[in-house]
Structure formats: structure tokens, C-alpha cells
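The values are calculated or read from the model by the stated rules, or taken from the named source; none is laboratory data. Quick caveat: nothing in here was measured; it's all calculated off a predicted structure. All Cβ positions, even for glycine, are placed from backbone atoms using ideal geometry, and neighbour counts span all protein chains on display. With ligands, DNA and RNA removed, areas are computed over all heavy atoms of the protein, side chains included. Shrake-Rupley method; radii C 1.70, N 1.55, O 1.52, S 1.80 Å.
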Amino acid sequence: MFAKISFAALAVIAAAACTTTPVASHCSAGLSPGLENAIHDVEARLGTGCEYHFDRYFAELLATAEANPSSENKVLFSDFLMRANETGVISTRQAREYYNRYFNVKFVSLTGDYNTCAQTCPVQGQVMANMQNELRDKQVGLLQASDDKTSYYRADHLLKEAQLVLEATCRACAAGEQR
């Protein structure tokens, strides 16, 4: 009797494992060629249980856009992020941060209203490293996917200016503390 119950339990577990495989393969299948088609694929998958793959999908969409750079790609990504927000896959803040991180000259790594001397200067090296990483993301979004050299070089210039201002501010903060 015990052997029959164990065999039945194994059969149920095996059947359940087989039913989850299509979902996993559905979520990990390749995307259609072309950015618009790939976005359509991703949106369909996000609506059918693949929400946890969003970051990977976003990276795949960027790679697809890099294969055919166009200024229109910024609009396609903006619309995609807005729809992902509207369907509850990502928050408004996340959508804004994704877009700004890759397609805007504005840096999301250095935002907010806070005391620079007390909060930023102690971690100045980490802030600058984060901004350098973000510039690499902007290179992918602005330069490689959107072919927007002007905006990318503007972001690069803004990073250099921010570094100079932050260094000067932190020196002034340190001088003020020594008085």
C-alpha cells in the first residue's frame, strides 16, 4: 500500500513539473527580430506570468535596438516603459529611472534634495563610480541604440562638470569643518 501511494505521489509531482516547463520556456524563448516586434513579444510575455524577467527583457531590447540604431528607438522605449508601468509590471519611479538612466542626459545616480557635505562627500568615490557606470548605460542607450551622439557627449560633459563641482564642494566642506 505504501509503495502505491509513493508511486502515485511521484506521478503527481512529475505531472506538475511538466506543466510548469512550458511557462519557463515561454518566458525564456528568443524575441522576434526588430525592436517593435521584440517589444510586442515582451509585452505579451509580461502579461502571461513572465514579469520577473523584466530586467533581462530590457537588456535584450537594448541589444535589439543596438542592431538597428535610430532616434525613434527612444520613443519606442519610452512607450514600452509607460505601458509596463500602466500594467503594473514596474512603478512610475522605475519607469522614469530606466528611461533616464539609458536615454536622458540627466543622471539618476546623483539626484535628490540632501546635504552634500553630510551625505554625498563621505561617499564621493562611490557616487562618482555610480555615475561612471550610468554613463556606460547612457552609451548603450543614447549612442548605440539611438544614435544620439550629441546627447551622449552632453551627458559625458555633465559628468565631468559634476565631478569638478563635487570635488570643489567637498573640499569646501572639509575646510569648513576644520575651522
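Which chymotrypsin sites (Phe, Trp or Tyr not before Pro) does segment 88-179 hold that lie in a coil by DSSP with at most 16 other beta carbons within 10 Å? The qualifying sites are Tyr114.
What is segment 52-122 by shape, rounded, prolate or oblate, if you read a ≥ b ≥ c off the alpha carbon gyration tensor as root eigenvalues and call it rounded for a/c under 1.5, prolate for a/b larger than b/c, and oblate otherwise?
Values: a/c = 2.42, a/b = 1.75, b/c = 1.38.
Prolate, since a/c reaches 1.5 and a/b exceeds b/c.
Scalar couplings 3J(HN,Hα) for segment 61-76, obtained by applying the Karplus form with A = 6.51, B = -1.76, C = 1.60 to θ = phi - 60°, are 5, 4, 4, 5, 5, 4, 5, 9, x, 7, 5, 5, 4, 4, 5, 4 Hz; x denotes Gly and Pro. All other residues whose Cβ lies under 13 angstrom from that of Cys121 are scored, Lys and Arg at +1 and Asp and Glu at -1, for a net of -1. Summing +1 for each Lys or Arg and -1 for each Asp or Glu among the other residues whose beta-carbon sits under 11 angstrom from that of Ala145 gives -3.
Rounded, prolate or oblate, given the Cα gyration tensor of segment 84-179, with a/c below 1.5 counting as rounded? Verdict is oblate for segment 84-179.
Considering only the other residues whose Cβ falls under 15 Å of the Cβ of Phe80, what net charge follows from Lys and Arg at +1 and Asp and Glu at -1? The partial results should precede the final answer.
Details: positive: Arg45, Arg56, Lys74, Arg83, Arg96, Arg101; negative: Glu36, Asp41, Glu43, Glu51, Asp55, Glu60, Glu72, Asp79, Glu86, Glu97.
That sum, taken over residues with Cβ under 15 Å, equals -4.
The listed residues His40, His157, His53 rank as His40, His157, His53 when sorted by accessible area, largest first, using a 1.4 Å probe. Take segment 60-179 with all the other protein chains still there, run a 1.4 Å probe, and you get 58 Å² of accessible area per residue.
Using a probe radius of 1.4 angstrom, the carbon and sulfur fraction of the accessible surface of segment 79-129 is 48%.
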